[in-house]
Amino acid sequence: MEEKNIRNFCIIAHIDHGKSTLADRLLQLTGTISDRDMQEQILDDMELERERGVTIKASAVRMMYDAEDGRQYEINLIDTPGHVDFSYEVSRALLACEGAVLVVDASQGIEAQTLANLYMALEHDLEIIPVVNKIDLPAARPEEVAQELEDLLGVPAEDVIPVSAKTGDNVKAVLEAVVRQVPPPGGDPDAPTRALIFDSHYDSYKGVIAYVRVVDGVLSQKDTLKLMATGAQVDPIEIGVFSPGMLTTGILRAGDVGYVATGLKTVHECRVGDTLTTVRNAAAEPLPGYQQVKPMVFAGLYPVDNDDYDALRDALEKLQLNDASLVFQPETSQALNFGFRVGFLGLFHMEIVQERLEREYDLDILATAPSVEYEVVLRSGETITIDSPAELPDESVIEEIREPWMKIQVFTPQDFIGPIMELVTKKRGVYETMEYLDASRVMLTYRIPLAELIVDFYDRLKSISRGYASLDYQFDGYEPGDLVKLEVLVNQQPVDALALIVHREQAYHKGQKLVSKLKRLIPRQLFAVPIQAAVGKRVISRANVKALRKDVLAKCYGGDVTRKRKLLEKQKKGKKRLKMIGNVEVPQEAFMAVLRLDED
Amino acid sequence: MARNSEGSRTVSLYIHIPFCRSRCSYCVFNTYVGLEHLITRYVAALCNEITLLGKYSQHPIVHTVYFGGGTPSVLSPPQVARILRSIADSFSLSDEAEISLEANPSGVDVLYFRALRQIGVNRLSLGAQSADVRTLQLFNRDHTWRDVVQAVRSARQAGFRDVSLDLIYGAPEQSLEAWARTLDETLLLAPDHLSLYSLGIEPGSAMNVWIGRGSLPAPDVDLAADMYEYASGRLVQAGFEQYEISNWSLPGYTCRHNIQYWRNLPYLGVGAGAYGFTGALRYSIVASPAEYIRRLQSVETAPEGLSPAVNQDSIEYVDRDQLRAETMMLGLRLLQEGVSRSRFADRFGGTVEAYYEREIETLKQAGLIHVMEDRIVLTAKARLIGNRVFMCFV
Ligand SMILES: Nc1nc2c(ncn2[C@@H]2O[C@H](COP(=O)(O)OP(=O)(O)OP(=O)(O)O)[C@@H](O)[C@H]2O)c(=O)[nH]1
Ligand code: SF4
Ligand SMILES: [Mg+2]
């Protein structure tokens, strides 16, 4: 197709504002998916996405659209995730597009990631098409929200497109706007080939599948291709488009979005952000790539069964192909043996990675409590960076510990300002400014230590605001803090994987909570198990898990055999998921206990 | 009956009587209150089921019969007699067969027991549960301890030599002292056999609801462990032998029917909600008495040896691995006999170690089993934590 008949756009929004549902309607409208094959949020094809009703990965899809001007257009759509932890997915999708449909929920209005994603799109000079969704809801206030968008973007409120992605009402107007307002790609079809790899996944038959946006020239199955950064050469196994399944076309031209099955086996040869060109007529300059994102939180991931170490490494490598933000390196723990220190963009990201490893790779893994990255200035004058409490040197050699602080924006109805203030203060946060978004909603700006932000801040914010508050954050800087290491001893042995770095003033409180939490989580063993929390040499809290006295099926007669056998099988399975620390069996939840200290 | 894989022609027979006058607060058994009007037809259905099974399986020897419930003592002696006659007609009922019947201490007397004795019942199991008034009330039992005393006396007068009592310990708010008193009172009655059960709070029971609501404290498992240990000591003093985790008997008074289960040998189950094991498969009979009666009306065959009232979804084929695992899990419950090495080898064509080398070694190291020349048994310290041992084999 000629470039002038191609449009590339992405859908961006705050979480749950209806991006994937809108994508569904567009796929139906263009006949890309028959009504029979349609299912809700069809682009959320990962099991986890479907289960949680959340988009985790951006997905691209090609549609053919017969517009009202009588011409047929090739439209490439990228649906993006709305959760703040996945904004890196959005940023990469933006580079493959010339336009962005900005969706806002008509009952909720502008939220934190509406702004965050909008600013990202503007930075990339994308044409913005504002859409107000869910106008079918009784609580919808489309005119007000359109007005908010006018104030924000400077487009007249009447140009904001009101739709219901659920009923399909007025969604055709979105496609018409895309055709009319989003500029065609504008690459040079005759120049040496350059295609940007914006995502990938691993296929056991076809190797690394690179998702590409062709900027100049042509990608053809007949050519030998080259990755400009790594120098790797490939004879593509397959080239095609997403429709939404992979559909072979053998060729992709300037402006197209599609995929190249490379046959490559590892991530090292095919990086997201690299440029593909042809060997025969190689381009001189690669396209600008992506900035590698910096992880915010770090946690140890360990196989429950030590024999699964290699399998876990393989799985992490494969997952890295589908999650360009994932970083990891080997780590050893006295308590947990061999595993990996893994960096995440946030706790939700961590949870998703953990679940994907368990489901997609069938691994039993154990995660330690997440930590942030500290800068430790030593008496010697040297500064080291640590991302695990176990690495903190002895107090006597430390001059100063610095921790990362974040700037956060909280969007909330003004009714909740009081409780939010209280929460932030409790978490060592500092108030900065308050701006009115409209008559009843405000944007609060605070500074807060990242370590406090990652521990249940978001959940508590949601619960005290009855779900209304939303949050965005950016790294602000490192600052010294009065921080100490809180150690946990199980059966007299310090367990490195349970250690925490906490503010001195919170050490006592947290130590007590942690000990009583662990006491509840660690099942009774055949002997009594003391649990202690200590700062330095000083024990600040202790408790005993009493020895198990009784564990036997009282009654077992003819009628019970099958049931009793199944009960025992279940019990056995449960025990297998426990981790041996010394001679104590510890459940995986114990390592995450620190996240829920204030719950009950 | 499918011919059981042991080639043995000796089976046990369990007969379920799913009627009770009231429901106990801990009970989740398959039993019904207020369905007494079905009893006559139910007995007819039982007789029909027994006849069909006997015919199909070519009249194997029945060496134990057990009337369980529910409350089997809701049956009149002629009803019991009719059932026993069907068994005698369709199976080879051995002369020395153990024929047990569970009875409720209320609503029974010497005449009733005498009649049962005369038609061949030779073992009685009485649901005594507790000598403590408050515990009996909590359990919603429909009898007093005096009823228990009276029932035992009547049974003796009627000529029963083999009388067993069931007791429950570890109830919420039950003290160790109260339990000790129940044991004392019980021993005064000179039973031949005792089954002592730790109270389990089962989903679906009234007690589970009370505890969930917070109107009743949950049982204290550590205290239950103390009670168990106390009972073990007390009963040994009184001349009892603990032959199974929850069962004690005077010498010669073990329950042969239950030993059949623990040896993992075949038994037929008849009656609504009964379970059976042919040696090759496990099954259960439909739970509803009405449905059971319906299914047994005017049928004359038992296809593949299974009752026409079998619950199709319950049929489970037991392969060799599972049979072995169950043989260990059940056999180790027998504290004296344990898992017999010779019987195991005859049955599975290899020693216990040949199949479970690692498990046996680990458990031995941990002091949880004794490996003897002729058998493997739990150690004293493993009795209360038997699951840790059984688990290794499933
Ligand atoms: N009533 C109504 N509900 C809608 C509409 N559009 C989406 N929804 C519902 O809103 C919820 C979120 O929709 P999604 O399409 O998954 O939202 P999303 O923006 O893709 O969410 P993330 O990808 O997780 O950020 C779902 O329950 C949808 O059914 C609409 O127009 N009207
Ligand atoms: S008598 Fe037995 S079967 Fe009947 S309700 Fe009580 S416990 Fe349940
Ligand atoms: Mg989505």
Next item on the list: May I ask you to list the residues in segment B:228-254 that are within 10 Å of chain A (Cβ to nearest Cβ) and among the hydrophobic types (A, V, I, L, M, F, W, C)?
Entry: B:ILE245
Check: Restricting attention to segment B:108-139, which residues are within 16 Å of ligand 2 (Cβ to nearest atom), among the hydrophobic types (A, V, I, L, M, F, W, C) and either under 19 Å from the mean Cα position of the chain (by Cα) or in a strand (DSSP E or B) (or both)?
Finding: B:LEU124, B:LEU126, B:ALA128
Checklist line | Sole exception among (1) away from chain B (no Cβ under 11 Å); (2) out of contact with any Ser or Thr (no Cβ under 9 Å at 6 or more places or on another chain) for A:LYS566, by number | finding: (1)
Check: How many of the residues in segment A:1-51 are more than 17 Å from A:SER87 (Cβ to Cβ) and surrounded by 16 or more Cβ atoms within 10 Å (Cβ to Cβ)?
Finding: 25
Margin query: Only one of B:VAL310, B:VAL339 is open to solvent by less than 10 Å² (accessible area, probe 1.4 Å), more than 27 Å from B:GLY34 (Cβ to Cβ), touching a residue at least 24 places away in the same chain (Cβ under 8 Å) and under 21 Å from the mean Cα position of the chain (by Cα). Can you tell me which?
Written below: B:VAL339
Checklist line | Those helices (runs of 4 or more DSSP H) lying entirely in segment B:282-394 with at least 3 residues within 14 Å of another protein chain (Cβ to nearest Cβ) | finding: B:320-331, B:352-365, B:386-390
Checklist line | All positions within segment A:53-111 that are β-branched (Val, Ile, Thr) and within 16 Å of ligand 1 (Cβ to nearest atom) | finding: A:VAL54, A:THR55, A:ILE56, A:VAL61, A:ILE78, A:THR80, A:VAL84, A:VAL90, A:VAL101, A:VAL103, A:VAL104, A:ILE110
Next item on the list: For segment B:191-212, enumerate the residues that are among the hydrophobic types (A, V, I, L, M, F, W, C) and touching a residue at least 12 places away in the same chain (Cβ under 8 Å).
Entry: B:LEU194, B:LEU196, B:LEU199, B:ILE201, B:ALA206, B:MET207, B:TRP210, B:ILE211
Checklist line | Condition check for B:ASN4: polar (S, T, N, Q) and at pLDDT 95 or above | finding: no
Note to self: I'm trying to understand the selection: among the residues of segment A:453-495, which are without any contact (Cβ under 8 Å) to a residue 40 or more places away in the chain and small (Gly, Ala, Ser)?
What the structure shows: A:SER463, A:GLY467
Item checked: segment B:70-83, subset assigned to a helix (DSSP H, G or I) and within 19 Å of B:ARG23 (Cα to Cα), residue most open to solvent (accessible area, probe 1.4 Å) -> B:VAL74
Margin query: Can you tell me which residue is farthest from A:TYR88 (Cα to Cα) among those in segment A:13-35 that are within 14 Å of ligand 1 (Cβ to nearest atom) and β-branched (Val, Ile, Thr)?
Written below: A:THR21
Item checked: Search result, residues across segment A:108-131 that are closer than 22 Å to A:SER325 by Cα and assigned to a loop (DSSP other than H, G, I, E, B) -> A:HIS124
Notebook entry, point to check: From the residues in segment B:30-69 that are open to solvent by 20 Å² or more (accessible area, probe 1.4 Å) and in contact with a Pro (Cβ under 8 Å, 6 or more places away or on another chain), which one is nearest to B:GLU98 (Cα to Cα)?
Noted result: B:ASN30
Notebook entry, point to check: Any residue in segment A:519-526 that is of a type outside the set (S, T, N, Q), within 30 Å of A:PRO419 (Cβ to Cβ) and open to solvent by less than 40 Å² (accessible area, probe 1.4 Å)?
Noted result: no
Notebook entry, point to check: Which of (1) more than 14 Å from chain A (Cβ to nearest Cβ); (2) under 30 Å from B:HIS63 (Cβ atoms) is the odd one out, the single condition B:SER175 does not satisfy?
Noted result: (2)
Check: Before we move on, is B:VAL221 open to solvent by 10 Å² or more (accessible area, probe 1.4 Å), away from every other protein chain (no Cβ under 14 Å) and β-branched (Val, Ile, Thr)?
Finding: no
Next item on the list: Name the single residue, out of those in segment B:255-270 being in contact with a Lys or Arg (Cβ under 8 Å, 6 or more places away or on another chain) and open to solvent by less than 50 Å² (accessible area, probe 1.4 Å), that is farthest from the other protein chains (Cβ to nearest Cβ).
Entry: B:CYS255
Notebook entry, point to check: Which one of these is farther than 30 Å from A:ILE581 by Cβ and over 28 Å from the mean Cα position of the chain (by Cα): A:GLN414, A:GLN409?
Noted result: A:GLN414
Note to self: Just to be sure I understand, how many residues within segment B:89-107 are within 11 Å of ligand 2 (Cβ to nearest atom) and either within 14 Å of chain A (Cβ to nearest Cβ) or on the phi > 0 side of the Ramachandran plot (or both)?
What the structure shows: 1
Next item on the list: Test B:ASP89 against the stated conditions and say whether it is out of contact with any helix residue (DSSP H, G or I) (no Cβ under 6 Å at 6 or more places or on another chain), open to solvent by 10 Å² or more (accessible area, probe 1.4 Å), assigned by TED's automatic domain parsing to the domain that holds B:LEU46 and not in a helix (DSSP H, G or I).
Entry: no
Next item on the list: From B:ARG375, B:ARG341, B:ARG320, grab the single residue that is of a type in the set (Lys, Arg) and out of contact with any Ser or Thr (no Cβ under 7 Å at 6 or more places or on another chain).
Entry: B:ARG320
Note to self: Yes or no: segment A:573-582 includes at least one residue that is surrounded by 13 or more Cβ atoms within 10 Å (Cβ to Cβ), touching a helix residue (DSSP H, G or I) at 6+ places or on another chain (Cβ under 6 Å), more than 13 Å from chain B (Cβ to nearest Cβ) and among the hydrophobic types (A, V, I, L, M, F, W, C).
What the structure shows: no
Check: Taking the stated definitions as given, is B:GLY239 in contact (Cβ under 8 Å) with a residue 40 or more places away in the chain and at positive phi?
Finding: no
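Conditions (1) in contact with a Gly (Cβ under 7 Å, 6 or more places away or on another chain); (2) at negative phi, marked per residue:
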| site | (1), (2) |
| --- | --- |
| A:GLY99 | no, yes |
| A:VAL103 | yes, yes |
| A:ALA106 | no, yes |
| A:GLU111 | no, yes |
| A:LEU122 | no, yes |
| A:ASP125 | no, no |
| A:ILE128 | no, yes |
| A:PRO142 | no, yes |
| A:VAL145 | yes, yes |
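The values are calculated or read from the model by the stated rules, or taken from the named source; none is laboratory data. Note that the coordinates shown come from a computational prediction; the quantities given were computed from them, not determined experimentally. In this analysis, Cβ positions are derived from the backbone assuming ideal geometry, glycine residues included, and neighbour counts consider all displayed protein chains. Side chains included, ligands, DNA and RNA excluded: accessible areas come from the protein's heavy atoms. Shrake-Rupley method; radii C 1.70, N 1.55, O 1.52, S 1.80 Å.
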